[in-house]
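**Q** Following this message is one structure expressed as structure tokens.
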Amino acid sequence: MRCPYCGGSETQVKDSRPSEDGAAIRRRRVCPDCAGRFTTFERVQLREVVVLKRSGKRVPFDRDKLQRSIDVALRKRAVDPERIERLVSGITRQLESAGEPEVTSEAIGELVMAGLKGLDDVAYVRFASVYKNFREAKDFEDLLGTLSDGTPVSAAGPEADPEPEASGRRRAGRP
Ligand SMILES: [Zn+2]
């Protein structure tokens, strides 16, 4: 496993223990070159899940992206990381075991909302407000991006809208 700090390739495992009720193995690693410390997880992947985005594009499901979008909603909230981990794992497992060839980004959004509802009210409201007001999601571009492929928001959404709007306002503002 390459060191995320210096790129060194000889990192050492310092500690290895079961995590997520035995569904994963958590490893603490240290880099001998820069002394950087980081954690990796080993998990079973039941099958590949394809996400169908609103734009019609298909991308492979990425657990890390799901984790990041949930982390954004939970920013500065005091929630046990272990519970967050369980939520992410739970959603991932539901998707992997659903048996459907692909899953819509909306369906993932619903699962995240249902999970956050039981975890933290503020995070739930944050996520839900973004999810339901897709077009006003400028503050949460990174969050929505994590449910797609990293490009900001949906192709049909704000990405296309702001420019005509802005130029319209500019024209209107001129005497
Ligand atoms: Zn390093």
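**Q** So which of 13, 44, 30 is among the β-branched types (Val, Ile, Thr) and surrounded by 14 or more Cβ atoms within 10 Å (Cβ to Cβ)?
**A** 30
**Q** Can you tell me which residues in the stretch 103-140 are modelled with pLDDT of 85 or more and aromatic (Phe, Trp, Tyr)?
**A** 124, 127
**Q** Of everything in the stretch 67-95, what is outside any helix (DSSP H, G or I) and over 17 Å from residue 21 (Cβ atoms)? Give them in sequence order.
**A** 74, 75, 76, 77, 78, 79 - these are the residues of the stretch 67-95 that are outside any helix (DSSP H, G or I) and over 17 Å from residue 21 (Cβ atoms).
The values are calculated or read from the model by the stated rules, or taken from the named source; none is laboratory data. Computed from a predicted structure; not experimentally measured. Note that we place each Cβ from the backbone using ideal geometry, even for glycine, and neighbour counts take in every protein chain shown.
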